[in-house]
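The numbers here are math on the coordinates, done by the rules we state, and not lab data. All of these numbers come straight from a predicted model, not from anything done at the bench. Cβ coordinates were reconstructed from backbone atoms using ideal geometry, including for glycine residues, and neighbour counts include every protein chain displayed.
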Amino acid sequence: MAVRFWLPDTSQPYTLEMPGSGHFCQIHQKECSLVDAVIRYLVSGVAAGENLVLVTRANRRKLILDWLAAKGIDVTELIQNRRLFLYTGADVLSGIVTDGEVDPGRFNEVAPHIVDEASWSGRRRLRLYGDAVGDLWQAGNHAAAVELEACWNQLCGTFGLEFSLFCGYLIDALDPRSYSDHLAALARAHALMIPAPDDHALRCVLDEAVRDVFGRPLMELAGRCSVAYSTDWRSRLPLVFRIGFWLYEQHPAAAARVLNKAQEISLRDARVLTHA
């Protein structure tokens, strides 16, 4: 099913073809971009007649539900008809994370129950959005986030029900600390990492920084890293993150300079790429 997003600087939509089932991820720079993507994902699910699961923090859930209502969707009716199931991310995590580590046994008690209940015991196609993994990541518990993604992969492979699982993250692409083995594992854990609408503004900032440090355009480096990673797990990452990894491998001394320069440009031009 096609999910449409609008780039910040153009009225022309770009369309992302999403498989009817599977485990997807999207990395955002801004809260508003993340919320917009979730809303569009859920709206598409309503139009397709699918049941919906929303696992997120309370304040984000309220914003999403308010926007769904503003788009003419009767949220109360969906809940009453057991078409929309709401869970708070912190509550779900408290049932499966112990002392900062994911307990696979507890996961296998909690997650299958959510899927079974929301899918009416497999009788209804399911579309699930969750960012509890993103909350773990933002709290600095990257290992637990990756482990939780692995648990979901096992569940998707054994549950015997096709459903769409969409994971949302806020990860600063201009922070050198983002380029770690855990981000690599995050890419490997998903069948598809979908470009986010705020990637366009991010590319513009990074292009100026690359020109300042290297004296050449961003797309020249993009071509090089695309060739280098054509059969690699990094090919799943959004372009900016692929370039970040490539810089750290090929030009480690310059990589931090590029990202720091990009941060300066973002602040100078008031291009909001923060998580606020």
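Identify all lysines with a Cα-Cα distance to LYS62 below 30 Å; exclude those on the same chain that are fewer than 8 residues away in sequence.
Answer for LYS62, where 30 Å is the Cα cut-off: LYS30, LYS71, listed by chain and number.
Could you calculate, for region 198-276, the ratio of the Cα radius of gyration to the Kirkwood radius, expressed as Rg to Rh? Show your work: numbers first, answer last.
On the way: Rg = 12.2 Å, Rh = 12.7 Å.
Rg/Rh for region 198-276 comes to 0.96.
Pick from HIS182, HIS190, HIS28: which residue has the top mean-square fluctuation in a GNM of the chain where Cα pairs under 10 Å get a spring?
HIS182
Please pull out the direction-averaged projected area of region 97-211, using the convex hull of its alpha-carbon atoms, in nm² to one decimal place. Intermediate results must be reported in sequence, preceding the final value.
Numbers: hull surface 32.7 nm².
The directionally averaged projection comes out at 8.2 nm².
How much length is gained on full extension from ARG188 to HIS113, taking 0.36 nm per residue of separation minus their Cα-Cα distance? Display every interim value, and only then the final one.
Numbers: separation 75, 0.36 × 75 = 27.00 nm, distance 2.59 nm.
Extra length from ARG188 to HIS113 when fully extended: 24.4 nm.
7 Å from Cα along Cα→Cβ at both ASP172 and HIS251: what's the point-to-point distance in nm?
2.2 nm
Once you put a point 7 Å from the Cα of GLU101 and another 7 Å from the Cα of ARG82, both along the Cβ direction, what distance in nm separates them?
Computed distance between label sites GLU101 and ARG82 equals 3.7 nm.
Step by step: find N for region 2-195, compute 2.2 N^0.38 Å, then divide the Cα radius of gyration by it. What's the final number? Kindly include the intermediate steps, with their values, before the conclusion.
On the way: Rg = 16.1 Å, N = 194, 2.2 N^0.38 = 16.3 Å.
With N residues counted in region 2-195, Rg over 2.2 N^0.38 Å equals 0.99.
Nothing charged except the Cβ atoms of Lys and Arg (+1) and of Asp and Glu (-1): what's the magnitude of the dipole of region 2-195 about its Cα centre? Round to the nearest 20 debye. Kindly include the intermediate steps, with their values, before the conclusion.
Working: 17 positive and 23 negative charges, 129 e Å.
The dipole of region 2-195 has a size of about 620 debye.
Round to a whole angstrom and tell me the spacing of the C-alpha centers of region 202-272 and region 79-124.
For region 202-272 versus region 79-124, the Cα centre distance is 38 Å.
With an 8 Å Cα cut-off and a minimum separation of 6 or more residues, compute the relative contact order for region 198-276 in percent. Numbers along the way, then the final one.
Working: 55 pairs, mean separation 29.3, N = 79.
That works out to 37 percent.
Report the full-extension gain for the segment ASP269 to ARG216: residue separation times 0.36 nm, less the Cα-Cα distance, to one decimal in nm.
Between ASP269 and ARG216, full extension yields an extra 17.0 nm.
With Cβ to Cβ distances under 13 Å as the rule, what net charge do the other residues near ASP103 carry (K, R +1; D, E -1)?
On the way: positive: ARG106; negative: ASP99, GLU101, GLU109, GLU147.
Local charge sum for ASP103: -3.
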